[in-house]
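Trainee: Right, I'll just put the structure down here and ask away after.
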Amino acid sequence: MQVKVVIGTIAFMLTMIILGYAALREPERLGHFTAAREGRTIETGAKLYTDNCATCHGVDGKAEECYDAAGNSITCQGLPLNSYFLVCGDAPARLEQTRFEGTKQQFVERTIAAGRSGTVMPAWSGRYGGPMRDDQVQNVAAFVLNFANEEFCAQEPITFDWPESVDDLLVLETDDFVATPGDAENGAALYASYGCNACHGNVDEAGSNQIGPWLGEIAEVGATRVEGQTAAQYVYESVLYPNNHIAPDCAQGPCTNPSAMRADYAFAIAGNTPQDLIDLLAYLVGQ
Ligand code: HEC
Ligand code: HEC
């Protein structure tokens, strides 16, 4: 009789231990399921991205390398999506710039779903006449937001203390940077490598601009845009702070406000060298 009680007690305790262990493992197991589902979402999104978005937003969302359906290299018309200012942190700078009130997830999903009127960014959701179901929009949005991995977002963008006046930049001498006279030839190469040509076209060919204004006459026109500003100062500010002044006429009609221009050049150029902006100015407005 006593033996039975002992066996019973042990069996009971063993059952409790096994049940307890299983209960403890449950959240972990569910976590694995969730991770697997998210993985699938991002994977599906990656395929949708390659098939539909890479022509404009480029390989890896960097808007640097774009190819048409036949595999020919073309200029990227979209903005970088693999961008610190769009995906990193709870309130990325891009949301404030575009005066969006909501989360970055809403920003990305809504932009994809509804597109951007007045620009070449199409609407993708069937609700707005696009070709995708809403779960596909969510998948491709998850893929975009997944650029924000820890390693990528840990590298804060390089900044530079840009002087207010372009004249001060042209003669700047600090411990880290000494300005040299602008090199227009290098400026021409930078105009392409920074992707200015994708939106502003070729400066030697009026009408070649696809999104922003043509810059072939900016040396003269720039001096008339803002009272009291030289062309050099105007171009300088236009590159660093596109929303300070909005040009009147873009390729597809009146320019939109906020500006459709990439707003991270102040950082992108600082990341290379401020001299690049001096060379770009030499190319666009002369010495
Ligand atoms: C994604 C497209 C895009 C890219 C890339 C881009 N821009 Fe722009 N840019 C615009 C748009 C759109 C405008 C008009 C709205 C505004 O004034 O910001 C503009 C305006 C300007 C203006 C003012 C033009 C005028 O007629 O008043 C200058 C100067 C300029 N950009 C220079 C540059 C330079 C230099 C680069 C490369 C370093 C560059 N942009 C890259 C889209 C772009
Ligand atoms: C025909 C070219 C084109 C295609 C294709 C395209 N986009 Fe865009 N996209 C753009 C342009 C141009 C903008 C910038 C619009 C503006 O000026 O505000 C943009 C903006 C965006 C933005 C907002 C970026 C920001 O910083 O404001 C997101 C997100 C985006 N696109 C995602 C996508 C996704 C995802 C796809 C594929 C399903 C896609 N785009 C396909 C051209 C394109």
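The values are calculated or read from the model by the stated rules, or taken from the named source; none is laboratory data. All of these numbers come straight from a predicted model, not from anything done at the bench. Virtual Cβ from ideal backbone geometry, glycine too; neighbours counted across all protein chains shown. Remember, those area values only see protein heavy atoms, side chains included, never the ligands or the DNA or RNA. Shrake-Rupley method; radii C 1.70, N 1.55, O 1.52, S 1.80 Å.
Trainee: For region 105-143, what are the residues that are open to solvent by less than 40 Å² (accessible area, probe 1.4 Å), aliphatic (A, V, I, L, M) and touching a residue at least 60 places away in the same chain (Cβ under 8 Å)?
Mentor: Of everything in region 105-143, those that are open to solvent by less than 40 Å² (accessible area, probe 1.4 Å), aliphatic (A, V, I, L, M) and touching a residue at least 60 places away in the same chain (Cβ under 8 Å) turn out to be Met132, Val140, Ala141, Ala142.
Trainee: Being buried (at least 17 other Cβ atoms within 10 Å of the Cβ) and within 30 Å of Arg40 (Cα to Cα) narrows it down to one residue among Ala148, Ala91, Ala198; which is it?
Mentor: The conditions single out Ala148.
Trainee: Follow-up. Which residue is least open to solvent (accessible area, probe 1.4 Å), if the candidates are limited to region 159-175 and must be in a loop (DSSP other than H, G, I, E, B) and within 16 Å of ligand 1 (Cβ to nearest atom)? Break it down stepwise before answering.
Mentor: Filtering region 159-175 down to residues in a loop (DSSP other than H, G, I, E, B) leaves 159-165, 171-172, 174-175.
If we keep only those that are within 16 Å of ligand 1 (Cβ to nearest atom) as well, we get 160, 162.
Numbers: Phe160: 56, Trp162: 28 Å².
Per the stated criteria, the residue is Trp162.
Residue by residue, here is whether (1) out of contact with any helix residue (DSSP H, G or I) (no Cβ under 9 Å at 6 or more places or on another chain); (2) hydrophobic (A, V, I, L, M, F, W, C) holds:
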| position | (1), (2) |
| --- | --- |
| Leu169 | no, yes |
| Gly182 | no, no |
| Cys196 | no, yes |
| Asn209 | no, no |
| Glu227 | yes, no |
| Gln233 | no, no |
| Tyr241 | no, no |
| Ala247 | no, yes |
| Cys255 | yes, yes |
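Trainee: Restricting to region 217-249, and then to whatever is within 15 Å of ligand 2 (Cβ to nearest atom) and at pLDDT below 95, can you tell me which residue is surrounded by the most Cβ atoms within 10 Å (Cβ to Cβ)?
Mentor: Only one residue tops the list, namely Pro242.
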